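This report concerns only the one structure given below.
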Amino acid sequence: ILVMGVAKDDQMGLGTAGFKVNKNTEVRSALPNLVRQGDTFTASFTVMNRSSTARRLSVEARAEGSASAQPTLVSIDAEPFKRYPVTLQVKAESQGTASFNVSAGDAADRDAIRENLSILPRAVLQTATNFGSSDGAPIKEPIQIPNDIQPEVGSIGVTLSSSIIGNLSGAFDYMRDYP
């Protein structure tokens, strides 16, 4: 926490402080790393009773935005310090952002989380290659571009190499950067 204020005699003050919070109810997200438009997936969350006694927790989970799911409303008889999964069956409807709202607790304590998940465009990436050699004569390679191409996805390129093993760095870069 950063605190700024004006003290007596119009002198400016600045201070910092920290604090920890330990709630008796904990909600955590376990969403997938990558979702594309049209995917169906299970959005998972965990609920934990962090108190020393068993409690009955009510849990509500909802999805909105670029994804649709039936809301989940369940009661969990939660033992101390044990995680319980809560899931939603989700359909990624459109490119954009899906928001997930999950709350859990009882009359004594509640926790809630809001997680956003990017829904990426559906795109089929295709790699084609052709190998040949030249004795110095011109080489022509016909390329046909699909009518329904998505210009924001992928690329067309030509790589010339003095040997067939050239340009392996592109393959390694792709594997390193794959989401």
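The values are calculated or read from the model by the stated rules, or taken from the named source; none is laboratory data. Everything numeric in this text was worked out from a predicted model, so none of it was measured. Don't worry about glycine lacking a Cβ; one is built from the backbone with ideal geometry, like all the others, and counts go over all protein chains shown. To get the accessible areas, we keep the full protein, side chains included, count just its heavy atoms, and leave off ligands, DNA and RNA. Shrake-Rupley method; radii C 1.70, N 1.55, O 1.52, S 1.80 Å.
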Hits in the stretch 100-123 (condition: surrounded by 15 or more Cβ atoms within 10 Å (Cβ to Cβ) and farther than 15 Å from residue 48 by Cβ): 100, 115, 117, 119, 120
If you go through the stretch 84-99, how many residues are open to solvent by less than 30 Å² (accessible area, probe 1.4 Å) and under 24 Å from residue 24 (Cα atoms)? 2
Given the conditions (1) in contact with an Asp or Glu (Cβ under 7 Å, 6 or more places away or on another chain); (2) over 16 Å from residue 44 (Cβ atoms); (3) open to solvent by less than 20 Å² (accessible area, probe 1.4 Å), which single one is not true for residue 56? (3)
What's the total number of residues in the stretch 146-169 that are within 22 Å of residue 120 (Cβ to Cβ), aliphatic (A, V, I, L, M) and modelled with pLDDT of 75 or more? 2
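Taking residue 68 as the residue in question, decide whether it is more than 30 Å from residue 143 (Cβ to Cβ), in contact with a Lys or Arg (Cβ under 6 Å, 6 or more places away or on another chain) and at pLDDT below 95.
Against the criterion (more than 30 Å from residue 143 (Cβ to Cβ), in contact with a Lys or Arg (Cβ under 6 Å, 6 or more places away or on another chain) and at pLDDT below 95), residue 68 qualifies.
Yes or no: the stretch 75-83 includes at least one residue that is over 22 Å from the mean Cα position of the chain (by Cα), polar (S, T, N, Q) and open to solvent by 100 Å² or more (accessible area, probe 1.4 Å).
Here is the first cut: in the stretch 75-83, the ones over 22 Å from the mean Cα position of the chain (by Cα) are 75-82.
Right, trim to polar (S, T, N, Q) and you get 75.
Now restrict to residues that are open to solvent by 100 Å² or more (accessible area, probe 1.4 Å): none.
No: zero hits.
Taking residue 1 as the residue in question, decide whether it is of a type in the set (Val, Ile, Thr) and modelled with pLDDT of 95 or more.
Values: of a type in the set (Val, Ile, Thr): yes; modelled with pLDDT of 95 or more: no.
The answer is no for residue 1.
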Search the stretch 20-31 for residues that are open to solvent by 100 Å² or more (accessible area, probe 1.4 Å) and pair each with any residue that is modelled with pLDDT of 85 or more and assigned to a strand (DSSP E or B) when their beta-carbon atoms are under 9 Å apart and the residues are at least 6 apart or on different chains. 28/45; 28/46; 28/47; 28/48; 28/83; 28/113
For the stretch 97-125, give me each residue that is without any contact (Cβ under 8 Å) to a residue 40 or more places away in the chain and more than 20 Å from residue 68 (Cα to Cα). 107, 124, 125
From (1) out of contact with any Pro (no Cβ under 6 Å at 6 or more places or on another chain); (2) surrounded by 15 or more Cβ atoms within 10 Å (Cβ to Cβ); (3) farther than 30 Å from residue 150 by Cα; (4) not hydrophobic (A, V, I, L, M, F, W, C), pick out the condition that doesn't hold for residue 62. (1)
Residues in the stretch 93-107: is at least one more than 30 Å from residue 153 (Cβ to Cβ), under 26 Å from the mean Cα position of the chain (by Cα) and among the aliphatic types (A, V, I, L, M)? yes
